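Here is the structure we will look at, set down as structure tokens.
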Amino acid sequence: MPCSCFIIPNDVLTKLSQDKKLSASVRKRMVDTVQISHELRELRNQAARFTSVAATRADGLVTLAAAPSVTVYDCKHTQTLPGTPIPKPKTSSDGSVKRSFNQTSKVAKFYEQVFNRNSIDDHGMTMMSSVHFGQSYNNAMWNGSQMLYGDGDGSIFVDFTRGNDVIGHELTHGVTQHSLQLAYSGDAGGLNESISDCFGSMFRQWEANQNVKKADWLIGRDIMGPGSKKKGFTCLRDMADPAAKHCLAPQPTKYSQITPGMDPHYSSGPPNLAFCTACVTLGGNSWGPIGQVWYRSLTGFGPTPNMTMKAFAARTRQVAHTMYPSTAAVSAAVNAGWTKVGL
Amino acid sequence: MDRLKIERVGGVAGFGGPHLKSRGELALSDLSPADQKTVESLFADPKKVPASHPGQADAFSYRITRGSQTIEVPEHAVPSTIKSSVKDVLE
Ligand SMILES: [Zn+2]
């Protein structure tokens with residue numbers, strides 16, 4: 001019996017199946033066809049119901065997706081990207097490969113568990129890193145689609161994969177690219193850098209399960225080489241004291257001290273201090289209410305590439321009030337942070 | 001006009017600040033003819049370099065000075081001989 005039976009209406013099929021002039025096997029197939037057609041209709045109804053539920057709860061489905069893939073490549077001291085793929089980075093004997101894999105996986109977990117975010121783009125994007133980039137390369141960066149890490153020169157800096165805050169910082173540049181889309185100069189540039197420091201530091205504190213009082217608020221502490229330490233530099237930046245002598249890259253502490261054309265790694269000082277002050281004023285964990293306010297301000301409003309620091313400060317004040325309407329201490333802490341830096 | 005003074009700035013560590021410097025110097029004639037041509041075109045129109053990937057962050061830039069003219073260009077537009085001419089130092 002060919003499948004074309006499906007286009008014959010069920011009542012006709014039922015009638016034919018009772019027609020004694022047809023053979024027993026043909027009549028049985030007609031009964032089966034009626035049954036199959038019934039099941040198929042049920043299946044279609046279920047599919048329609050599923051589609052309708054899925055459409056109204058699409059955000060929830062995103063979070064149900066599997067953890068993002070984490071991949072690592074070895075540039076073997078060249079500047080050619082992405083380099084050679086590492087088949088099993090988790091168990092690699094190369095420390096840089098293993099660290100970048102493990103810490104990147106943990107950043108994915110941090111964003112998922114703390115902010116309900118699925119990877120860099122919130123849609124499960126693969127998190128790709130290349131290690132051993134260049135020769136004695138004193139840098140780590142986000143190139144718009146992946147992270148890359150230099151080995152450091154062994155004097156000023158050691159391997160940049162040694163800083164879990166550095167890894168969190170670089171990945172957060174990806175998150176910013178897929179949310180607020182901040183530019184890389186002026187106020188927006190300083191905010192862009194600050195957001196990477198804030199979430200890099202939050203990740204470091206979350207991983208160590210440190211509250212705001214226990215945290216050291218230093219950025220880059222674990223990548224400082226012997227030459228830097230010998231000169232008394234213990235970090236790149238200090239979010240609690242941006243202008244401190246122990247900072248290799250000391251920053252302004254007031255918004256009014258930012259000058260035109262300033263490198264965003266310096267103009268990020270005031271918003272860094274605002275975040276740290278807000279966290280310390282409220283107490284508890286940085287990834288608690290203050291971290292949530294910063295995350296919502298970063299991801300909840302679509303792109304604003306040229307956002308000013310003043311506008312971002314206003315947004316966090318508004319978000320604090322909206323998210324925690326019955327906890328005045330959150331709003332007060334956010335306000336204390338920005339007030340301290342003159343915003 | 002043959003000398004090129006190079007300063008590398010930026011990066012996640014903020015090179016070019018008060019303590020962290022990366023500088024180099026070389027003669028234009030030390031470069032290959034192809035690299036010399038690249039440098040000439042950079043000085044002719046430093047804004048004409050290929051755009052960086054949107055969203056890119058923490059990349060290095062190079063300030064190249066020839067005579068009285070200084071240009072600042074992204075790392076991806078700089079010939080490797082110039083890139084390797086700089087030395088990172090603490091001050
Ligand atoms: Zn950065």
Fill in the blank from the handout: For A:LYS310, the lysines lying under 16 Å Cα to Cα, once residues fewer than eight places off in the same chain are dropped, come out as A:LYS254, A:LYS340
Handout entry: Proximal lysine pairs, segment B:3-90, alpha carbons under 15 Å, eight or more residues apart or interchain
Key = 6
Problem - Alpha-carbon centroid distance for the pair segment A:66-96 / segment A:177-199, whole angstrom - result: 27 Å
Fill in the blank from the handout: Dividing the mean separation of Cα pairs under 8 Å (6+ apart) by the residue count of segment B:3-90 yields a relative contact order in percent of 41 percent
Problem - Sequence of A:ASP122, A:ASP197 from largest to smallest accessible area, 1.4 Å probe - result: A:ASP122, A:ASP197
Problem - Residues whose placed amide H lies under 5 Å from that of B:LEU20, excluding near-sequence neighbours - result: B:GLU91
Handout entry: Shielding by partners - mean other protein chain Cβ count within 10 Å, residues of A:139-152
Key = 4
Problem - Alpha-carbon centroids, segment B:12-85 and segment A:283-321: separation in whole Å - result: 36 Å
Exercise for the section: With only Lys, Arg, Asp and Glu charged, each at its Cβ (+1 for the first two, -1 for the last two), find how big the charge dipole of segment A:177-237 is about the Cα centre; round to the nearest 20 debye. Expected result: 420 debye
Exercise for the section: For B:LEU4, list long-range residues whose amide hydrogen, built 1.01 Å from N in the peptide plane, is under 5 Å from its own amide hydrogen. Expected result: B:LEU26, B:ALA27, B:LEU28
Problem - Phi to ³J(HN,Hα) by Karplus 6.51 cos²θ - 1.76 cosθ + 1.60 over segment A:269-279, Hz, x for Gly, Pro - result: x, x, x, 4, 5, 4, 5, 4, 4, 4, 4
Problem - Spatial separation of Cα centroids for segment A:328-343 and segment A:108-174, in angstrom - result: 30 Å
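The values are calculated or read from the model by the stated rules, or taken from the named source; none is laboratory data. Everything quoted here is computed from the prediction, not taken from an experiment. Every residue, glycine among them, receives a Cβ derived from its backbone with ideal geometry; neighbour counts consider all protein chains shown. With ligands, DNA and RNA removed, areas are computed over all heavy atoms of the protein, side chains included. Shrake-Rupley method; radii C 1.70, N 1.55, O 1.52, S 1.80 Å.
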